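I have placed the structure first, in the form of structure tokens, so that the comments after it can refer back to it.
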Amino acid sequence: MNLDALYPPIEPYDSGMLLVGDGQRIAWEVSGNPEGTPVVFLHGGPGGGTSPWQRQFFDPEKYRIVLFDQRGCGKSLPSAGDPADDLRFNTTAHLIADLELLRKNLGVEKWQVFGGSWGSALALAYAQAHPGAVSGLILRGIFTLRRIELEWFYEGGTAAIFPDLWEEFIAPIPVLERNHMIDAYHRRLFDPDPAVHVPAAIAWTKWEAATVTLRPDPELIEAMTEPAMAVPFARIENHYFMNRGWFTEGQLLENIDIIRHIPAVIVQGRHDACTPMMTAWDLHKAWPEAEFVVVDDAGHSASDPGMQQALRDAADLLAF
Ligand code: STX
């Protein structure tokens with residue numbers, strides 16, 4: 001991955017595991033300037049976890065940069081890859097509560113929220129629940145989990161662009177179950193037998209890893225389809241999508257009035273095949289006060305050419 005457009009790599013100056021209840025421990029870290037503007041990075045998936053390079057969107061002189069792994073993924077424990085875990089303590093409401101606990105434990109009064117893809121949905125949900133805790137929003141690859149968005153990715157839209165990869169995605173599912181892929185995968189991902197859930201998790205995750213970048217990224221596909229990554233990722237994602245994020249249809253777009261006053265930048269890749277621009281456009285129409293940036297040489301991924309620079313510029317714009 002070429003990260004030329006981003007700030008140089010940095011190391012965290014503090015990190016730990018936050019006990020949030022329900023037996024869950026959340027891995028967190030802070031880098032940049034301890035006196036800087038606080039910003040929290042919300043990763044995608046859900047279930048994607050954070051990576052060190054995600055610190056590099058932010059000017060380390062200006063920002064106090066918080067990364068954390070949402071429940072069950074990355075370095076947070078227990079891992080949702082454990083077949084004994086039914087994920088009953090892993091919902092959007094739990095993640096919002098974890099964000100509040102983390103904010104208070106770090107002594108932060110207000111922070112900026114930077115989220116892409118699922119991270120954009122969580123950022124909107126968190127800001128709408130706790131508008132007083134949010135000083136700014138940077139949202140990329142807008143995803144609000146409406147029926148049309150989930151159907152686009154799992155029931156035909158993306159398949160029209162990647163028919164070769166779609167064939168691989170549907171291969172593990174018998175023909176009679178292919179009318180609802182999220183359900184069909186749910187049965188297999190939550191089967192306790194690794195001979196069933198591991199190949200299902202790999203196929204589920206490969207579909208996403210292979211379709212999110214503007215150009216194929218073999219390194220991303222390889223890293224994401226390692227069973228230690230793919231099993232928690234696929235199980236968490238599928239669990240959230242089975243439940244539509246516990247949102248009512250259109251909830252995140254309907255509640256824009258609650259956050260309309262917050263400075264915000266919406267950044268969308270023109271060629272995003274995972275969360276196509278229709279949703280970013282709907283958000284722009286609902287929230288014209290937010291800066292709207294369309295990146296022509298980008299798909300879904302934050303690492304795409306053009307996207308790195310656009311996100312860095314957005315963070316520079318909101319830094320003070
Ligand atoms: N999932 C959208 C999402 O949040 C349907 C997402 N897309 N790709 C990612 O996350 C990774 C970069 C974690 C693979």
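Once Rg and the Kirkwood radius are both taken over the C-alpha atoms of the chain, their ratio Rg/Rh works out to 0.94. In the chain, helical runs assigned H by DSSP with n ≥ 4 each contribute -39500 (n - 2.57); averaged across all residues and rounded to the nearest 500, the mean residue ellipticity at 222 nm is -11000 deg cm²/dmol. Alpha-carbon geometry of region 50-97: the Rg and the Dmax are 14.0, 44 Å, given in that order.
Calculated on the Cα set of region 200-320, radius of gyration then Dmax: 16.2, 46 Å.
Ignoring aspartates and glutamates fewer than eight residues from residue 62 along the same chain, the ones with Cα atoms less than 12 angstrom from its Cα are 35, 316. The Cα center of region 76-133 and the Cα center of region 203-255 differ in position by 17 Å. Here each label is just a point 7 Å from Cα along the line to Cβ, and for residue 260 and residue 242 those points are 3.9 nm apart. Other residues with beta-carbon under 11 Å from the beta-carbon of residue 19 carry, at +1 per Lys or Arg and -1 per Asp or Glu, a net charge of -1. In terms of its C-alpha gyration tensor, region 127-206 comes out prolate, because a/c is 1.5 or above and the ratio a/b outweighs b/c. Eigen-decomposition of the gyration tensor built on the alpha-carbon atoms of region 88-166 gives equivalent ellipsoid semi-axes of 31, 13, 10 angstrom, largest listed first.
Each label point was placed 7 Å from the Cα along the Cα-to-Cβ direction; for residue 1 and residue 51 their separation is 0.3 nm.
Report the rotationally averaged projected area of region 17-132 based on its alpha-carbon convex hull, in square nanometres. Walk me through the numbers on the way to the answer.
On the way: hull surface 26.5 nm².
That works out to 6.6 nm², a quarter of the Cα hull's surface.
Among residues other than residue 267 with Cβ under 14 Å from its Cβ, the summed charge is -4 (Lys and Arg +1, Asp and Glu -1).
Could you calculate the FRET efficiency of residue 316 with residue 176 from 1/(1 + (r/R0)^6), where r is the beta carbon distance between them and R0 is 45 Å, rounded to 0.05?
0.30
Coordinate-derived values only; no laboratory data. Just so you know, these numbers come straight off a predicted model, no measurement behind them. Note that each Cβ is placed from the backbone with ideal geometry, even for glycine, and that neighbours are counted across all protein chains shown.
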